[in-house]
Amino acid sequence: MCGIAGLIHRDGATSVGSEMTAMLQSLRHRGPDSTGFAIYGVSREAEYVMRLKLAEQEDFRRDHRIREKIRERKDEVEARLAELGAETLETDKATDYALRYRLRYAGDTRKLAEEIERIEGAEVLSFGSALELVKDLGDATQVADQYGLGDFKGTHGIGHTRMATESRVTTEGSHPFSTGFDLCLVHNGSLSNHNRLRENLRREGIEFQTENDTEVAAGYLTWRLREGATLEQALEGCLTDLDGFYTFAVGTADGFAVLRDPIACKPAVLAETDEWVAMSSEWRSIAVLPGAAEARAWEPEPGVIYAWEKTPV
């Protein structure tokens with residue numbers, strides 16, 4: 001089943017962390033195995049946030065020896081950052097096996113992230129000027145408490161609750177997927193041509209960490225944007241190049257967008273007030289937001305792109 005949700009505020013940063021937590025917790029029945037958040041804060045010039053894991057929750061719980069490996073990996077990450085000329089402004093231990101770095105860096109951010117990924121056991125969840133991505137086992141409340149997302153102030157976010165159907169319960173297959181700078185995607189549905197498309201995108205220089213079909217959709221958008229397409233043009237390409245059933249919510253530094261496949265097999269609802277726009281797999285998730293009772297709500301049309309941008313800060 002799985003559930004997806006998105007929210008954008010029209011007038012600056014708010015308590016989007018707690019609001020997204022409430023929305024995703026309302027979708028727990030659609031996916032209790034793991035939860036993912038992609039939340040956008042206020043970007044600062046030449047400053048970046050990197051979220052990464054040094055182990056998986058299931059490994060940390062199962063093997064006490066992993067703690068020493070985590071310490072070694074952390075030392076290697078920080079040495080690699082220094083070697084590459086990144087200035088660490090702030091380091092937060094999100095959990096015993098995950099870290100958040102705020103960095104100042106003047107070089108190629110893509111190459112920096114790739115260098116960190118080469119460290120054994122290090123997984124870069126997100127690297128961007130605004131995007132912070134967190135995903136782990138457990139429902140929304142558990143994950144938000146673990147990573148301190150309740151206090152997160154931001155402008156918008158998207159999220160996903162997962163029911164593992166095609167693979168075992170791990171965070172590897174969890175959404176959101178980020179394959180580009182400040183870009184991420186959540187997906188309810190399944191793609192039938194993802195294996196062929198993955199190989200084509202690899203030839204174009206897009207790298208993948210999993211065999212998940214949703215990561216291929218994210219990689220496709222990254223490629224189209226890299227080739228000069230607008231987000232709307234990239235999403236229009238999905239209607240031609242992606243086979244299967246899907247409802248997508250896509251996050252960028254400037255806003256978020258929603259697209260359903262031409263058959264509209266997977267559910268979605270949109271709602272709008274003067275203060276915010278929200279989407280979800282079910283109305284019950286939007287109903288937890290302040291002012292939802294007065295919102296204008298509708299079902300998005302199949303094959304139609306809906307997009308909203310935040311007010312420039």
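The numbers here are math on the coordinates, done by the rules we state, and not lab data. Since the model is a prediction, treat every value here as computed from it, not as a measurement. All Cβ positions, even for glycine, are placed from backbone atoms using ideal geometry, and neighbour counts span all protein chains on display.
Judged by the mean number of other Cβ atoms found within 10 Å, the most tightly packed of the peptides 200-208, 237-245, 155-163 leads the ranking 155-163, 237-245, 200-208. Converting phi to 3J(HN,Hα) with the Karplus coefficients 6.51, -1.76 and 1.60 and the offset θ = phi - 60°, the range 277-284 yields 10, 9, 9, 6, 6, 9, 4, 4 Hz in sequence order, with x at every glycine or proline. Ranking of MET20, MET50 by neighbouring Cβ atoms within 10 Å, starting from the fewest: MET50, MET20.
Placing dummy labels 7 Å off each Cα toward the beta-carbon, the span from THR210 to ARG226 is 2.0 nm. Summing charges over all other residues whose Cβ lies under 11 Å from the Cβ of ALA130, with Lys and Arg as +1 and Asp and Glu as -1, gives -2. What's the FRET efficiency of GLU87 with TRP283 using the Cβ-Cβ distance as r and R₀ = 35 Å, to the nearest 0.05? Efficiency at R0 = 35 Å is approximately 0.15. Bridgeable lysines around LYS310 (alpha carbons under 19 Å apart, same-chain partners fewer than 8 residues away excluded): LYS153. As a calculated quantity, the FRET efficiency between ALA13 and ARG118 at R0 = 35 Å, using C-beta atoms, amounts to about 0.55.
Where a ≥ b ≥ c are the square roots of the eigenvalues of the C-alpha gyration tensor, would you call the chain rounded, which needs a/c under 1.5, or, failing that, prolate if a/b is larger than b/c, or oblate? Rounded shape, in that the Cα axes give a/c under 1.5. For the range 7-45 versus the range 232-256, the inter-centroid distance based on Cα atoms is 19 Å. Helical runs assigned H by DSSP (4 residues or longer) give the chain a calculated mean residue ellipticity at 222 nm of -8500 deg cm²/dmol, each run adding -39500 (n - 2.57) before division by the residue total. Coupling constants for the range 14-26 follow from the phi torsions by the Karplus curve (6.51 cos²θ - 1.76 cosθ + 1.60, θ = phi - 60°), and in residue order they are 9, 7, 5, x, 5, 5, 5, 4, 5, 5, 6, 5, 5 Hz; glycine and proline get x.
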